[in-house]
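Peer 1: Quick one: this structure, given as structure tokens, is what I'll be asking you about.
The values are calculated or read from the model by the stated rules, or taken from the named source; none is laboratory data. These numbers come from a predicted model, not from an experiment. Please note: Cβ atoms are built from the backbone with ideal geometry, for glycine as well, and neighbour counts cover all protein chains shown. All accessible areas refer to the heavy atoms of the entire protein, side chains included, with ligands and DNA or RNA removed. Shrake-Rupley method; radii C 1.70, N 1.55, O 1.52, S 1.80 Å.
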Amino acid sequence: MFNFRMLPIAPHSPWRVAMGVCIAFLTIAPGAVMAEELAPVAELRLYPTGQIVGGGVQTDVGNTGQAGVLIVYNRARRGDNGRHADERGGGFGIGTFYDHYVASNRLGWSLGGRFDVFALGIDYRDDTRQGRSDVIVLQPTVGAAYSVPVDSNRLVARFGLDVGAELNARTRGAEVGKGAIVLFSVRLSSR
């Protein structure tokens, strides 16, 4: 069993939660992690006030599942959709996902879940003040997707629609926007 106290991170840190989720992913299919069954993944997720781009690896789980880990960058341009007249910024994070496909060839329809943790720097401005907030954001989402083969079945494109929440776990500075989120995603992976 992994001892989380060994990590040089505060006991209730969102980063510890994210590391725990990633370690859990790595234990889903121990044989795949050590074998050649990891496939590269690139992803773009769009939401009304920003974009998330990332890259990582995924592995097949059982006959109808896929799980993966990505390093991601979140570019937020919230404008006045946050708590201030203008909010914008961005930051890196880590995400993990699991998709369950209807068909055993891992093409067509799938349902899945995802969990991302971001360290965002958000610059805000109001009529009377401006500043910067550093925020640890937790972003759990669930969604549906459709995957199609590209390039003679060697490359797969997955188009998804996800819903979830953007939760500010820790904020240094003024409170900034959070709440429900809807994302459209395109993920490319090799087979």
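Peer 1: Over region 57-191, give the accessible area per residue in Å² for a 1.4 Å probe, as an integer.
Peer 2: 48
Peer 1: In addition: Could you give the nm distance between label points at residue 142 and residue 51, where each point is 7 Å from its Cα heading toward the beta carbon?
Peer 2: Going by the 7 Å Cα→Cβ label model, 3.0 nm.
Peer 1: What is the distance in Å between the Cα centres of region 112-142 and region 162-191?
Peer 2: Each part reduced to its Cα centre gives a spacing of 8 Å.
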